[in-house]
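Nothing in this text is a laboratory measurement; each read-out follows from the coordinates by a stated rule. Small disclaimer: the values here were computed from a predicted structure and weren't measured. Positions of Cβ are backbone-derived with ideal geometry, glycine not excepted, and every protein chain shown enters the neighbour counts.
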Ligand SMILES: NC(=O)c1ccc[n+]([C@@H]2O[C@H](COP(=O)([O-])OP(=O)(O)OC[C@H]3O[C@@H](n4cnc5c(N)ncnc54)[C@H](O)[C@@H]3O)[C@@H](O)[C@H]2O)c1
């Protein structure tokens, strides 16, 4: 096989779409999905590819350096696409250290394992680090994040991702590792854990449960369909220039409250409910501590230099997403019957 790619966090939301795309599109690559299977890891996301001969799974925590070294060795890893992370801002507010352990310590551990495995030929192998637009901080009503925008993380999650980005660039500079970093806006789509806004609303609308919206719902996010992010990762992995950073986004800004209203409207139509039924479920809850006002990505560089652009309009992507959740009740049941229920209660119903 021409490459043996370690994809970390491949059982999570975005990682599972990246794994599926690579396994199916590149049968001559060996794809090794390394994931600790935290509450966010779900191997059911990978059912379509789990029996493919070029797919391998390793249940390993990126904090475990011995296990990482062993995986690099045994699979002859040639390149890394690193997505494993603690990813939920609310969880980072209640337990910041968990984010330092996985996102910072775990990333440095992985860099060290790669550096050791590739000693003497660092220029031949790529370490691709997947990051977020949240590292740039919060925008007011004008302007966009560019690749050159100074980092200004505002939450424990974004601070830990910013630190991991800095370490990746430091390894490129200090040890001459071949690295690339991409910073993407908010993703939505199938297999999204229902603690995040869009799947949480779809699930609650379906079950006629309250729709918790932080503050007045005025916060603005730029949304990208997850499969378009996976396509962008494929593009950056194969065509990105070493040492560069690429912003990935959909030029698609929405206020949270407008997304919730759109979901209500579409789900009333799809479920044959009377117009306005779901909007009555909207419940404004106390705002998230330090809630960033607006994120907006300028994705011109990846469009112009690498020819990537989003394939879907937002409303098409939202339709596909709602239809997927309605058709995959088993997936939702399996997720929501776990410890997620307890967490959900603590987070929203205790307020
Ligand atoms: N979701 C978004 O909108 C978004 C946007 C931009 C960037 N990102 C970045 O993309 C990556 C993936 O995000 P996601 O939304 O798919 O996250 P996710 O929470 O759905 O998945 C994370 C995966 O990492 C695994 N994991 C967590 N800790 C681990 C550890 N210590 N060792 C090994 N595996 C571990 C989990 O089991 C899970 O499968 C993250 O790095 C995130 O910062 C996410």
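General remarks:
- Translational diffusion of the range 179-222, µm² s⁻¹ [Kirkwood Rh, Cα pairs; Stokes-Einstein; 37 °C; 0.692 mPa s]: 264 µm²/s
- Kirkwood-Stokes translational diffusion coefficient of the range 230-306, alpha-carbon pairs, 25 °C, 0.890 mPa s, µm²/s: 153 µm²/s
- If you bin all the Cα-Cα distances of the chain at 20 Å, starting from zero, the percentages per bin are 30, 60, 10, 0.
- All Cα-Cα distances of the range 169-274, cut into 10 Å bins from zero to the largest, leave 13, 34, 26, 16, 8, 2, 0 percent in each bin in turn.
- Highest mean packing first, where packing is the average number of other Cβ atoms within 10 Å per residue, the peptides 202-209, 322-329 line up as 202-209, 322-329.
- Ordering of 11-22, 57-68 by packing is 11-22, 57-68, highest average first (other Cβ atoms within 10 Å, averaged per residue).
- Compactness of the range 208-351 was expressed as the Cα radius of gyration divided by 2.2 N^0.38 Å, which yields 1.24.
- Span from the the range 118-183 Cα centroid across to the the range 49-76 one, whole angstrom: 24 Å
- The residues 281, 110, when put in order of fewest to most other Cβ atoms within 10 Å, stand as 281, 110.
- Each peptide in 256-266, 285-295, 302-312, 82-92 gets a packing score, the mean of other Cβ atoms within 10 Å over its residues, and the list from highest to lowest is 82-92, 256-266, 302-312, 285-295.
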